[in-house]
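This report refers to the structure that appears directly beneath it.
Throughout, read-outs are computed from the coordinates displayed, never taken from laboratory work. Computed from a predicted model, the values in this text were never measured in an experiment. Ideal geometry is used to build each Cβ from the backbone, glycine not excepted, and the neighbour counts take in all protein chains shown.
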Amino acid sequence: MKIGIEKIGFYTPHLYVDMNKLAVKRNVEPEKFTIGIGQEKMAIPPITQDSVTLAANAAFEIVDEKDKEAIDLCIFGTESGIDHSKSAGIYVHHLLGLNPHARAIEVKQACYGATAAIQMAKGHIALNPTKKVLVLGSDIARYGLNTSGEATQGAGAVALVISADPKILELEEQSAYLTSDIMDFWRPVYSDKAFVDGKYSNEQYILFFSKIWEAYKEKTGLELKDLEAICFHLPYTKMGLKALRTILDEGTEEDKERLLENYKISTTYNRNVGNIYTGSLYLSLLSLLEQKGDLKEGSRIGLFSYGSGAVGEFFTGILQPNYREYLRVDQHAELFSSRTEVTVEEYEKVFQETLPTDGSTIEFDIDKDPAKICLSGMTDNMRQYVNKMN
Ligand code: COA
């Protein structure tokens, strides 16, 4: 039985800041952000978007009535969840109107959460081949104004329908993974901003990649020549490139050229959104599939997932016949082109807006947010969500 990705949805908020302009305000050379870090635009979530609404908007565009019946498991991977107890998956389950006889949960392991969800989904489909699993990777990356991590913030979500009818990418069985207790990036429960040891995190990312890649080759006997492209978890687009460069000498000139070209294409969306933590790897996959018109059906794509703390995994998928028919290239082009640029001052203002923590009521003007699903306010310590399409 084939198991894999049947559909991919994506959402990012309608506001962004230009990295060149942010660099000027922070007194750094724009090339540091655009070349050294590799980011052009950074998505800015308005107060009316959180990890729940981002995920719900990403899923809303792909889940149809048949899916709603067949999805009996919704796994929400996030590291910017909104509640220490109740799972973000339940809100999305409600906002989409999924089958009540479904399970809805949240999983956490930094940026690895959605990969963990996909692996669980595979097991679930193997046991229940007529069912489908909705996997969500949704986050708002926040390091703080004027911090070294600021240029690597972002916001967005990816939604994947995993099933035994993988119209886009069949996920292969074997994968290699690694866990090690390190402190490269973390967010204590009392903080709404992440702490990061940036240089150490870069080193660990590459170390994980190299150990896992060796383990993967040993397990499968596959080599660089067997991969059409490798997509990476991208906290910023230069990061994956640093990791990729460490293995390129294992291949021929042709392998190098192909992998570098496809890497570049796979970073197009991430460059213009920023870090979306759990969804970043899958945004990179989406970027490759939607932006590269001539990827051959049957090609093998490598995927490297890394979640600080840390867990990493390398796995692969095979592109399915006519996979392009199941992508939403035009809708995603429209999502990007309809965004509005904000000034650095406006971004700073939005960044500092917070929800009440004293139980008071607040209502937002959700007409200002073009998203279909929004956070409309708070009352009695409960977030209020609206699906404008209902
Ligand atoms: N032109 C081109 N490149 C430039 C430049 C210029 N004018 N000025 C600086 N650079 C390059 C630097 O050489 C460096 O490249 P290198 O990494 O290849 O050496 C890069 O820009 C970044 O500069 P650096 O001084 O290292 O930046 P920084 O101290 O501000 O930190 C990060 C950058 C990425 C480490 C920081 O933003 C961070 O910690 N982000 C979070 C990362 C993360 O999310 N990790 C956890 C999840 S994996």
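A few comments on the model shown:
- Label-point separation, Ser210 to Asp83 (7 Å along Cα→Cβ), nm: 4.4
- Dividing the C-alpha radius of gyration of the stretch 171-321 by 2.2 N^0.38 Å, with N its residue count, gives 1.03.
- Where trypsin sites (Lys or Arg not before Pro) fall in DSSP loop in the stretch 232-300, at most 14 other Cβ within 10 Å: Lys296
- All C-alpha to C-alpha distances of the stretch 3-110, sorted into 10 Å bins beginning at zero, yield P(r) values of 13, 34, 27, 17, 8, 1 percent in whole numbers.
- Calculated FRET value between Val344 and Lys193, using beta carbons and R₀ = 22 Å, to 0.05: 0.75
- The chain: most fluctuating residue of Ser201, Ser287, Ser191 per GNM, C-alpha cutoff 10 Å: Ser191
- Using C-alpha pairs below 8 Å separated by at least 6 residues, the relative contact order for the stretch 171-321 is 35 percent.
- Cross-link table Lys167/Lys225; Lys108/Lys238; Lys7/Lys256; Lys7/Lys122, entries beyond 20 Å C-alpha to C-alpha: Lys167/Lys225; Lys108/Lys238; Lys7/Lys256
- Selected from Thr246, Val273, Leu260, residue furthest toward positive end of dipole (the stretch 229-275; charges at beta carbon): Val273
- Charge dipole (debye, nearest 20) of the stretch 171-321; +1 at Cβ of Lys and Arg, -1 at Cβ of Asp and Glu: 520
- Once the C-beta distance of Met183 and Arg103 is scaled by a Förster radius of 45 Å, the resulting FRET efficiency is 0.90 to the nearest 0.05.
- For the stretch 65-132, the normalised intensity computed at q = 0.13 Å⁻¹ comes to -0.36 (log10 of I(q)/I(0), Debye sum over alpha carbons, equal scatterers, no solvent).
- Considering only Pro30, Ala70, Val52, and ranking their Cα positions along the charge dipole of the stretch 1-90 that arises from unit charges at the beta-carbon of Lys, Arg, Asp and Glu, the one farthest toward the positive end is Pro30.
- Under a Gaussian network description of the chain, with springs only between Cα atoms under 10 Å, the residue in Gly89, Gly77, Gly123 that fluctuates furthest is Gly123.
- Percent RCO, i.e. relative contact order, over the chain, from Cα pairs under 8 Å lying at least 6 residues apart: 24
- Cα centre as origin, Lys/Arg/Asp/Glu Cβ charges: the chain dipole, Debye: 180
- Under a Gaussian network description of the chain, with springs only between Cα atoms under 10 Å, the residue in Val273, Val158, Val196 that fluctuates furthest is Val196.
- Cα-centre dipole for the stretch 289-332 with unit charges at Cβ (Lys and Arg positive, Asp and Glu negative), debye to 20: 80
- DSSP-defined beta bridges in the chain - what % are antiparallel, rounded to 5: 75
- GluC sites (Glu not before Pro), loop per DSSP, at most 15 other Cβ atoms within 10 Å - longest free stretch of the chain: 1-222
- Label-reachable residues, the stretch 299-317, where backbone N falls under 19 Å from a point 7 Å from Glu203's Cα toward its Cβ: 307-312
- Considering every alpha-carbon pair of the chain, the percent of pairs per 20 Å bin, from zero through the bin containing the longest distance, is 30, 61, 9, 0.
- Rg [Å, one decimal], Dmax [Å, integer] - the stretch 315-370, C-alpha atoms: 19.4, 54
- Farthest toward positive dipole pole in the chain [+1 Lys/Arg, -1 Asp/Glu at C-beta], among Leu160, Ile105, Thr354: Ile105
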